[in-house]
1. So what's the angle, to the nearest 10 degrees on a 0 to 90 scale, between helix 23-32 and the longest Cα principal axis of the chain?
2. Could you sort 27-39, 2-14, 55-67 so that the peptide with the highest average Cβ count within 10 Å comes first and the rest follow in order?
3. When the label point is put 7 Å from the Cα of residue 32 along its Cα-to-beta-carbon vector, which residues of region 51-73 have a backbone N closer than 18 Å?
4. Going 7 Å from the Cα of residue 20 in the Cα-to-Cβ direction, what parts of region 37-59 have a backbone nitrogen less than 13 Å from that spot?
5. With no solvent and one point per C-alpha, what does the Debye sum give as log10 I(q)/I(0) for region 3-72 at q = 0.14, 0.22, 0.23, 0.27 Å⁻¹?
6. For the chain, give me the percentage of DSSP beta bridges that are antiparallel, rounded to the nearest 5 percent.
7. At 222 nm, what value in deg cm²/dmol follows for the chain if DSSP H runs of at least 4 each add -39500 (n - 2.57) and the sum is divided by all its residues, to the nearest 500?
């Protein structure tokens, strides 16, 4: 499955709430979500390699799984 991360999500990684969350953490988290996601949905409780807890908002589109934003805890 192809994971597409929006520019908005990439920009949010620079904020202090999302520090220490990497692109690879997001890709792994997005691939862990089972099934088809027809509408933008928030998925909670992922843990980055650095130990930071985060949520992602994602939906499935024709070209793959689109990660819309990341919310750090």
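1. The two axes meet at around 40 degrees.
2. Packing order, densest peptide first, comes out as 55-67, 2-14, 27-39.
3. Hits in region 51-73 for residue 32 at 18 Å: 51-59, 65-73.
4. 47-54
5. At q = 0.14, 0.22, 0.23, 0.27 Å⁻¹ the computed log10 ratios are -0.35, -0.87, -0.95, -1.30.
6. Looking only at bridges with both residues in the chain, the antiparallel portion is about 80 percent.
7. Rounded to the nearest 500, it is -6000 deg cm²/dmol.
Bear in mind that the values in this text are calculations on the coordinates, not laboratory data. None of these values were measured; they are calculated from a predicted model. When we count neighbours, we look across all protein chains shown, and the Cβ atoms used for this are built from the backbone with ideal geometry, even at glycine.
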